[in-house]
1. For ASP159 and TYR59, calculate 0.36 nm times their separation in residues minus their Cα-Cα distance, and state this gained length in nm to one decimal.
2. Need the full-extension length gain, ARG255 to VAL305, defined as separation in residues times 0.36 nm minus the C-alpha distance. One decimal, nm.
3. Return the calculated 222 nm mean residue ellipticity for the chain, to the nearest 500 deg cm²/dmol, obtained by summing -39500 (n - 2.57) across DSSP H runs with n ≥ 4 and dividing by the residue count.
4. Between ASP135 and VAL195, how high is the FRET efficiency from 1/(1 + (r/R0)^6) when r is the Cβ-Cβ distance and R₀ = 35 Å? Nearest 0.05.
5. Give me the one-decimal nm value for the distance between modelled label points at GLU384 and ILE87, 7 Å along each residue's Cα-to-Cβ direction.
6. Return P(r) of the chain (all Cα-Cα pairs; 10 Å bins starting at 0; whole %; ordered from short to long distances).
7. For segment 1-184, with the dipole built from +1 on Lys and Arg beta-carbon atoms and -1 on Asp and Glu ones, taken about the Cα centre, which of ILE87, PHE177, PHE75 lies farthest toward the positive end?
8. Determine the gain in length on full extension of the stretch GLN227-ALA30; use 0.36 nm per residue of separation and subtract their C-alpha separation, reporting nm with one decimal.
Amino acid sequence: MNENKVLHSVAALFDTPDKIINAARKVKDAGYTMFDVNTSYPVHGMDKAMGLGQSKIGYVTLFFGFAGAVFIFLFMGWSMAINYPYIVGGKPFFPYQAFIPITFEVTVLCGSIATVVGMLAVFFNLPFLSHPIHDSNYIKEVSVDKFGVVIEAEDPLFDKNKVVEFLKNLGAGKIEFIYEPEKQAIKILQPKFIVFLAVVAALTSFSTYFTLNKLMYIVPFNWMDNQKKSNPQSETNFFYDGYAMRTPVEGTVARGFMPYPFHEQALPSEPLANPTLPTKQILKIGQEKFLTFCSPCHGNYAEGVSRLMGQFPPGPTLHSAKIIGYSDGMIYNIITNGQNAMPSYAYQIPREQRWAIIDYIRVLQRAQNPKPSDFQAIKELNKESGKNVVN
Ligand code: HEC
């Protein structure tokens, strides 16, 4: 009955783990190389008994991990230094230190993906999902409570009768011949399935086309994202240099934004007047911005107590007679241009808020040096409200 079938292997079943370990060792010692052992759970010592060396999957991981690291490092360098040189945070064009974390991540990513794919594809022959022993009685037994060894017919030492004799001598319970399966037509290429695919493709295309182009098409607003304009980072052939993003023409001033005339000057050459009034609203803004931008160095009450723990030269107190004597314009100039160790805050704080900060500093200064009239005013407030306004 099995006359014209091709023999794949001879399989033998054993009853106990000890017997299978012993059998595996003997099979190896007899010089067979193309054999395998099947057990329903891992049996300790089996690798050694079968004479298995270390898995080669480590080389796959090493190669792809290393290739990933080199690739991403060069790619970052190329994109940051050659393709689109761009200064980020004042760093040089090739800040290799900043590339380390991503290089590490990509090494791990490529290494691990290659390990899984390599294991499935190379070591498990992934695209082929079946194996001759899958349909055998043998595999059913070893999946439950037996232990089996298979010697393949392709082994150079293979001789059907000798192998059977050999396995019987090892104490094998049952011996089974496993044959190569007959070739089957690939089911996926059946005409029925291809017609089905074609119908699905036609239906999906038609319904997508109908929904997008007929149902959602509302006349004057056809695809507003599709306009004839250039986006900032895109290319254009409208300008001679190919950049859609333009730098302002020299000497032009953005509407409503006069440039600060005393840029990088320690002293403004003309008096600058504070355009804000110290209303409650303005002082609230001033307080918020002062606490955000100035208090780290100058202290919460401008008393010159830095909370930067010596990481930066502490800002001096703003309650000195000198600062009290400064005009608002002078302090504005210091915030705008910076002064010695103090950096410029022109980019962080808009103009109106700089003036509001100054109004708030004036309040702090006055709170430290109250005049008799201030006490009088507070007393009157207390009388009016019946409460102690100032504790
Ligand atoms: C990073 C720390 C730091 C921050 C933040 C900071 N300053 Fe200063 N500030 C200094 C230092 C340091 C000096 C002293 C500079 C010098 O030696 O002239 C100074 C000086 C000043 C002076 C002049 C003092 C003098 O005696 O000439 C003023 C006024 C001043 N800061 C206001 C501000 C205001 C308002 C803010 C918030 C917008 C601010 N500072 C934020 C560190 C800072």
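Coordinate-derived values only; no laboratory data. On a predicted model such as this, the values are computed, not experimentally measured, just so you know. Please note: Cβ atoms are built from the backbone with ideal geometry, for glycine as well, and neighbour counts cover all protein chains shown.
1. This chain segment gains 32.5 nm when fully extended.
2. 14.0 nm
3. Computed mean residue ellipticity for the chain: -12500 deg cm²/dmol.
4. For ASP135 and VAL195, the calculated efficiency is 0.70.
5. 5.4 nm
6. Histogramming the chain at 10 Å steps yields 4, 11, 12, 11, 13, 10, 10, 9, 9, 7, 3, 1, 0 percent.
7. The residue sitting farthest along the positive end of the dipole is ILE87.
8. Difference between extended and current length: 63.1 nm.
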